[in-house]
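The values are calculated or read from the model by the stated rules, or taken from the named source; none is laboratory data. All of these numbers come straight from a predicted model, not from anything done at the bench. Cβ coordinates were reconstructed from backbone atoms using ideal geometry, including for glycine residues, and neighbour counts include every protein chain displayed. We work out accessible area using only protein heavy atoms, side chains counted, and drop any ligands, DNA or RNA first. Shrake-Rupley method; radii C 1.70, N 1.55, O 1.52, S 1.80 Å.
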Amino acid sequence: MNKSIVTSDREDTMEDVDEESPLLTPQTKREGSTQSNIHSITPLPWMHIRCYRIRSTDGRLDHCSLEECLQHRRRRNEQDREELKTNPIIKNDAHYWIDIEADWNPQRQPLYHKWLLQLGLPVFALEILARSPETWFSQVIPLPRAALALLRILPSSLSSDSDELQHSAALYMSSILLTLTTTTDAVNTADPPPSLHSQIYQRMQQRLHVPSSGGALMAWLGFHLEKTSHDTRTLRSSVLDLDESMDKHGVTSVEVSEILRAKEQVMRLLSVAEEQTECLESLTALNLEELRLPPEQDSTMASLFHASLPILLAMTRATERLALRLEQRVMDLRRRLQTNEQEKMNRRLGVLTVLSAVFLPLTLFTGIWGMNFENMPELNKPYSYPLALLFMIMIAFTMISYFWKAGWFR
């Protein structure tokens, strides 16, 4: 797989970025259109970069180099400037998807920012993407001829013990979709976690109905929303199993740790579903005229928005409602467990109360017969001691029988 990236001979600055031509810097445009003027470097060690060309015939993905994406973007911008004067509708038959996975670390932020600077992204988008992912929140930002969507997503495994937030960003730029996923899990480890990219790739290969970067954006959104919905339904099955186990085998068959783990997962799912709903609502309310797309791309995106966004929004709202119901069910399970623990404590206190009541009269007689008076006739009787023991045993037996019949030992 080609993991190359394009850069110019000199270091670009923020002033070099062309807002109207994302993914191209003025330096690159001045160097001409030949491939020999573009140099390749490998990605940073903690990055994975994958580039694909979207077939216009069937929407399948073909591996390509990032150089090809940038060359296409440069040619399209030049064609736009020359032909829009006479031909307002230009057919754009090539679309690309660039996916970047980066392992975030605060110490790497300067190097990460410098590396992103080489892509020639829109200035505002660059500033957001270069920040710490902990400062990200789900939102949609319209830009000139581009749109940036930030989406909170679930980790590869819902049972992960990590509390770190994970976000993914999608930068739509007419014929190119750039997706960036940051994570705190190391990319280069002996046993890396399952990659989300392979799952998204399979999704786009199977369900990319519109062969364009806009269609890829809808497929990318659909994958993350469906994953949240699938994980929520999976967690619902686990919670129902806990409920059934309590009903069949008693409350004590479920450990407190299981309920607490389920509660933690539900809260994580709920927070992700809420943010995804907010992002979809913002995207639905987006005015495409603000993006200033070419007429053909504008009409394509308008049809995609009209056909896909209502379905995606309904899906994420249903997921949010399901997560809320799961939260209530987990709280009910926890209350059942707490009630059972309280009942156990009450039974133990009841046993202690019965024992105290039984020994109270025995202690009274022991105290009376233990007084040092000279004239105590019962102490001089030959059978006074065994009779006293028998009397005390009868009192204890009578009281225990009474409490037993009253249900104190049940």
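Conditions (1) out of contact with any helix residue (DSSP H, G or I) (no Cβ under 7 Å at 6 or more places or on another chain); (2) in a helix (DSSP H, G or I); (3) open to solvent by 30 Å² or more (accessible area, probe 1.4 Å); (4) at pLDDT 60 or above, marked per residue:
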{"site": "Ser33", "(1), (2), (3), (4)": "no, no, yes, no"}
{"site": "Ser36", "(1), (2), (3), (4)": "yes, yes, yes, no"}
{"site": "Pro43", "(1), (2), (3), (4)": "yes, no, no, yes"}
{"site": "Glu67", "(1), (2), (3), (4)": "no, yes, no, yes"}
{"site": "His72", "(1), (2), (3), (4)": "yes, yes, no, yes"}
{"site": "Glu82", "(1), (2), (3), (4)": "yes, yes, yes, no"}
{"site": "Asn87", "(1), (2), (3), (4)": "yes, no, yes, no"}
{"site": "Pro110", "(1), (2), (3), (4)": "yes, yes, yes, yes"}
{"site": "His113", "(1), (2), (3), (4)": "yes, yes, yes, yes"}
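Picking from residues in the range 329-385 that are acidic (Asp, Glu) and farther than 30 Å from Ala262 by Cα, the one that is surrounded by the fewest Cβ atoms within 10 Å (Cβ to Cβ) is Glu374.
Residues are listed down the side, and each one gets a yes or a no for (1) under 19 Å from the mean Cα position of the chain (by Cα); (2) open to solvent by 30 Å² or more (accessible area, probe 1.4 Å):
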residue	(1), (2)
Gln202	no, yes
Val210	no, yes
Trp220	yes, no
Phe223	yes, no
Lys227	yes, no
His230	yes, yes
Leu235	yes, no
Leu260	yes, yes
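Scanning the range 133-150 for residues that are open to solvent by 30 Å² or more (accessible area, probe 1.4 Å) and in a loop (DSSP other than H, G, I, E, B) turns up Phe137, Pro144, Arg145. Going by the structure shown, is Arg347 closer than 30 Å to Val266 by Cα and of a type outside the set (Val, Ile, Thr)? Answer is no for this residue. Is the range 328-345 home to any residue that is in contact (Cβ under 8 Å) with a residue 60 or more places away in the chain, touching a Lys or Arg at 6+ places or on another chain (Cβ under 8 Å) and over 21 Å from Ala273 (Cα atoms)? Yes, because at least one residue in the range 328-345 is in contact (Cβ under 8 Å) with a residue 60 or more places away in the chain, touching a Lys or Arg at 6+ places or on another chain (Cβ under 8 Å) and over 21 Å from Ala273 (Cα atoms).
Whenever a residue of the range 271-282 is closer than 9 Å to Gln139 by Cβ, its partners that are β-branched (Val, Ile, Thr) and modelled with pLDDT of 90 or more, lying with C-beta atoms within less than 9 angstrom and at least six residues away or across chains, give the pairs Cys279/Thr316. The set of residues in the range 379-410 that are assigned to a helix (DSSP H, G or I) and in contact (Cβ under 8 Å) with a residue 40 or more places away in the chain comprises Met399, Ile400, Phe403.
So the check is Cβ under 7 Å with 6+ separation or different chains; which pairs have a first residue in the range 99-121 that's under 25 Å from Pro155 (Cα atoms) and a second one that's among the basic types (Lys, Arg)? Listed pairs, sorted by first residue: Asp99/Arg50.
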